[in-house]
């Protein structure tokens, strides 16, 4: 199966073991795991927000917008330099968005959107970019969540909420986007490096 999105180099991407989408009803059930594959069917809206693809701003536009500042308190890094940024996107119904990397890249069956910093990008800008590139979602950052030492990076994560976009419009790095109840996250997210995030999210649901 070919991913409908091409790499930045223009190369096509083959998905060797495509993910299985859920029913449309799962998106409206806060106790269900909902799954969409690239270009898949979605309900018109979720939790009162439309699910409509959007055109992400260019890198220059992103820098200019994020340079205005979000008002989020940025604690000083502890334990090493921050070299990547990511987002934990939460829905009002208590579920959390995760992505399935294409062909289980890096050994991940599912994880949270994240990526390395690029020259000229702040942590917050990188987090916003990774959200739309990997999940197809337009988000706003709400707060600093935590910093985690991963295999090759120290990553700063932010809590975020969805304000637009559609997960069916995910970029080539993802072969599925999922909406998962907090208490079922450990059944879906498989990496031990994500464990601190999972523990914090599950604790918040109690």
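The values are calculated or read from the model by the stated rules, or taken from the named source; none is laboratory data. All of these numbers come straight from a predicted model, not from anything done at the bench. Cβ: placed from backbone, ideal geometry, glycine included. Neighbour counts: every protein chain shown.
Looking at segment 90-206, the helices (runs of 4 or more DSSP H) lying wholly inside it that each contain 3 or more residues that are touching a residue at least 12 places away in the same chain (Cβ under 8 Å), within 28 Å of residue 48 (Cβ to Cβ) and within 12 Å of the chain's Cα centre (by Cα) sit at 123-135. Residue 99 meets each of the listed conditions (1) surrounded by fewer than 19 Cβ atoms within 10 Å (Cβ to Cβ); (2) at pLDDT 95 or above; (3) under 23 Å from residue 16 (Cβ atoms) apart from (1).
Yes or no, residue by residue, for (1) touching a helix residue (DSSP H, G or I) at 6+ places or on another chain (Cβ under 9 Å); (2) surrounded by 16 or more Cβ atoms within 10 Å (Cβ to Cβ):
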{"position": "88", "(1), (2)": "yes, yes"}
{"position": "104", "(1), (2)": "no, no"}
{"position": "109", "(1), (2)": "yes, no"}
{"position": "124", "(1), (2)": "yes, yes"}
{"position": "133", "(1), (2)": "no, yes"}
{"position": "154", "(1), (2)": "no, yes"}
{"position": "163", "(1), (2)": "no, no"}
{"position": "191", "(1), (2)": "yes, yes"}
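Out of 75, 57, 53, 92, one residue alone is surrounded by 14 or more Cβ atoms within 10 Å (Cβ to Cβ) and modelled with pLDDT of 90 or more. It is 53. Residue count for segment 3-13 under the criterion of being out of contact with any strand residue (DSSP E or B) (no Cβ under 6 Å at 6 or more places or on another chain) and either over 13 Å from residue 168 (Cα atoms) or not in a loop (DSSP other than H, G, I, E, B) (or both): the result is 7.
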